[in-house]
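Peer 1: If you scroll down you'll find the structure; I have some questions about it.
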Amino acid sequence: MSSIHETILYIEKKAIIENLSFFRKKLKKSTKIIAVLKAFAYGNGDVKIAEILELLKVDAFWVADFEEGVNLRKNKINTPIIIANPGIKSIDQIVKYNLEVTIYNFKLMQKFGELNKPINIHLKFNTGMNRFGFDFLDINQVISHLRMYPLLKVCSICSHLASSENKLNDLFSKKQFNLFSKICKVMDTKFSNHFDKHILNSNGIIRFPSEQYSAVRIGIGLFGNIKSTETKKATSLISIVSQVRKITKGESVGYNLEYKAKEDMTIGVVPFGYADGLDRRLGNGIGKLFVNHRMCDILGNISMDSCCINITNTDTKEGDLVEIFGENILIEDIAKLIGTTSYEFLSKINRRIKRVYI
């Protein structure tokens, strides 16, 4: 616990351990687990989460770019690390720190192949997300390029589901699975060595367990922020009331005078604002914070480093705890208020916010 920080993101290690166990029970014993730690492990702190998961023997880590991978290596993480978007400017760093790369176009394949060094690669195919990846029509050219660069070791073939959590799009997901199977069969017939295959993410494991292939990628599910009652929320964000202020009817709160008190009231100032990750769209009564067993409206515009809440008729004092999300306010519910996702909300929590692992 921290006694010197006013706003703290608490991460419960036991919940992460239990969530990983929950997913493992849905998988075959032989299925490999790639833990996704991109965006500072969804705001939870990539190094600490990697340390926990390394002890739990996950098979690899998946990060967004080379800087995330290098940071893990510098902090003595030895598990294989796969870079989702390696780029061509970071090749020297990738080789130096023994990072594996996702290859999704011919330029990348050429750049890494021309190094003439052993490099572990993961081939990404587009099956409908239309983001990164080779198309099925590219597969013969992919095969010919791989034969040109024998030191490129293909460790896996992968793709990405566009809508694994939405039942309304299950037909589209099925089409993705069918196309991915077709790609895998072609690659298997052309190469004698074994490739891992993975397309499932956290929601995909729960909803399509038969499509797990030989590996899966688990990200936000490790922290319990998915559509499942069987996972546990691992994170809670707690601040305090820094100042209590009485205002009279007609007085305004915050920038641009957008909130005017309809009656005499008491407000509390909380040292957590939009620079910390509290979306400005939650201001002016859209969002609420939890104080002393009460939901309290956020008043006026959210400031860079603080916000104000209505604590009228509560016994709230300076120094009292404020829940931004946690046991009483679900992060998914906050996200719905402003048309976003828990992924975005978590990943935007500023790194200046203290993380405490309990």
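Peer 1: When you look at residue 285, is it farther than 20 Å from residue 348 by Cβ and part of a loop (DSSP other than H, G, I, E, B), yes or no?
Peer 2: It is true that residue 285 is farther than 20 Å from residue 348 by Cβ and part of a loop (DSSP other than H, G, I, E, B).
Peer 1: Would you confirm whether or not the range 255-275 contains a residue that is outside any strand (DSSP E or B), in contact with a helix residue (DSSP H, G or I) (Cβ under 7 Å, 6 or more places away or on another chain) and of a type outside the set (Asp, Glu)?
Peer 2: yes
Yes/no per residue for (1) within 21 Å of the chain's Cα centre (by Cα); (2) polar (S, T, N, Q); (3) on the phi > 0 side of the Ramachandran plot:
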{"residue": "205", "(1), (2), (3)": "yes, no, no"}
{"residue": "241", "(1), (2), (3)": "no, no, no"}
{"residue": "252", "(1), (2), (3)": "no, yes, no"}
{"residue": "259", "(1), (2), (3)": "no, no, no"}
{"residue": "274", "(1), (2), (3)": "yes, no, no"}
{"residue": "283", "(1), (2), (3)": "no, no, no"}
{"residue": "293", "(1), (2), (3)": "no, no, yes"}
{"residue": "299", "(1), (2), (3)": "no, no, no"}
{"residue": "303", "(1), (2), (3)": "no, yes, no"}
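Peer 1: Go through the range 128-168 and count every residue that is acidic (Asp, Glu) and not in a helix (DSSP H, G or I).
Peer 2: Residues in the range 128-168 being acidic (Asp, Glu) and not in a helix (DSSP H, G or I): 2 in total.
Peer 1: Moving on. Could you tell me which residue of the range 11-34 is surrounded by the fewest Cβ atoms within 10 Å (Cβ to Cβ), considering only residues that are closer than 14 Å to residue 224 by Cα and in contact with a strand residue (DSSP E or B) (Cβ under 6 Å, 6 or more places away or on another chain)?
Peer 2: Out of the qualifying residues, it is 13.
Peer 1: Within the range 312-358, which residues are closer than 15 Å to residue 286 by Cα, touching a helix residue (DSSP H, G or I) at 6+ places or on another chain (Cβ under 7 Å) and in contact (Cβ under 8 Å) with a residue 12 or more places away in the chain?
Peer 2: If the condition is that a residue be closer than 15 Å to residue 286 by Cα, touching a helix residue (DSSP H, G or I) at 6+ places or on another chain (Cβ under 7 Å) and in contact (Cβ under 8 Å) with a residue 12 or more places away in the chain, then 325, 331, 332, 334, 337, 338 are the ones that fit.
Peer 1: Still on this structure: Counting just the residues of the range 107-158 that are out of contact with any Leu (no Cβ under 8 Å at 6 or more places or on another chain) and small (Gly, Ala, Ser), which one comes out surrounded by the most Cβ atoms within 10 Å (Cβ to Cβ)?
Peer 2: Going through the qualifying residues, I end up with 133.
Peer 1: Please go through the range 59-81 and give me each residue that is of a type outside the set (Gly, Ala, Ser) and either closer than 20 Å to residue 124 by Cα or buried (at least 22 other Cβ atoms within 10 Å of the Cβ) (or both), ordered by number.
Peer 2: Within the range 59-81, 59, 61, 62, 63, 65, 66, 68, 72, 80, 81 meet the criteria.
Peer 1: Here's another thing I want to ask about it. Looking at 345, 290, which one is crowded, with 19+ Cβ neighbours inside 10 Å, touching an Asp or Glu at 6+ places or on another chain (Cβ under 8 Å) and modelled with pLDDT under 95?
Peer 2: After ruling out the rest, the residue left standing is 345.
Peer 1: Then there's this: Quick check on the range 168-191: of everything there that is closer than 18 Å to residue 140 by Cβ and surrounded by fewer than 13 Cβ atoms within 10 Å (Cβ to Cβ), which residue is modelled with the highest pLDDT?
Peer 2: Top of the filtered list is 185.
Peer 1: A further question on this structure: Output the residues belonging to the range 315-328 that are part of a loop (DSSP other than H, G, I, E, B) and buried (at least 18 other Cβ atoms within 10 Å of the Cβ).
Peer 2: The answer is 316, and nothing else.
The values are calculated or read from the model by the stated rules, or taken from the named source; none is laboratory data. If you're wondering where the values come from, they're calculated on a predicted model, not measured in any experiment. Here Cβ is always computed from backbone atoms with ideal geometry, including for glycine, and neighbour counts include all displayed protein chains.
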